[in-house]
Amino acid sequence: MTGNRYEDCCAILTAINDTKTPPQEFVDSTQKAVMAVWWNLVQAFWKRYSPDPIREEKLTEAIKQWCLEVTRDYDAVSVCDFTSSWRDGYAFNSIKQWCLEVTRDYDAVSVCDFTSSWRDGYAFNCLLHSFEYVTVNFLKSY
């Protein structure tokens, strides 16, 4: 990273092969651009670090399977799709609880929702670090 926000955003877009997101929109933190970059980052991480047996699986199907696994201990939760399964809030709350448990040992992280808790990227990096600690270096300052 260079310290120049525009150049750094361009480097991130290049690293995840995102040719559709306009760099200036990412620099300006346009919601659509930021969400697109996060999704592309998740896909890039999936392609590189997911377990071999399921790497070729469609990412949305793998996420659904993960949601089923994370919510299996909650009787009131039934995840069958990405629309109706989320309307009552039970699935979101059970996944938030899972995030709280995984990030419990990270002092600077407080997952209280799915908006402000994720803005600085620290919660997301802690989740990555908890499963693949070599991908995130918390000793290096950016």
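Nothing in this text is a laboratory measurement; each read-out follows from the coordinates by a stated rule. The structure presented is a predicted model; accordingly, all values stated were derived computationally and were not measured. When we count neighbours, we look across all protein chains shown, and the Cβ atoms used for this are built from the backbone with ideal geometry, even at glycine.
Assorted remarks:
- Loop chymotrypsin sites (Phe, Trp or Tyr not before Pro), region 21-123 (other Cβ atoms within 10 Å of the site Cβ: 12 or fewer; DSSP): PHE82, PHE114
- Note on LYS96: aspartates and glutamates with a C-alpha under 19 Å away, same-chain residues under 8 apart excluded, are GLU69, ASP73, ASP75, ASP81, ASP88, ASP105, ASP107, ASP113, ASP120.
- Cross-link partners of LYS20 among lysines (Cα-Cα below 18 Å; sequence separation of 8 or more within a chain): LYS32
- Over all other residues within a Cβ to Cβ distance under 12 Å of VAL70, the charged ones net out to 0, with Lys and Arg as +1 and Asp and Glu as -1.
- The relative contact order of the chain, computed from alpha carbon pairs under 8 Å that lie at least 6 residues apart in sequence, is 11 percent.
- The C-alpha atoms of the chain define a longest principal axis, and helix 59-70 lies at about 50 degrees to it.
- Inter-probe distance in nm under a simple model that places probes 7 Å from Cα toward Cβ, at ALA108 and ARG5: 1.9 nm
- The angle between the Cα long axis of helix 122-131 and the main principal axis of the chain comes to about 70°, on a 0 to 90 degree scale.
- Rounded tilt (10° steps) of 31-49 against the dominant C-alpha axis of the chain: 80 degrees
- Once the Cβ-Cβ distance of ASP75 and PHE45 is raised to the sixth power relative to R0 = 25 Å, the FRET efficiency obtained is 0.20.
- Rg and Dmax of the chain, Cα atoms only, in Å: 16.3, 49
- Value of relative contact order over region 60-139, rounded to a whole percent, pairs C-alpha under 8 Å and six or more apart: 18 percent
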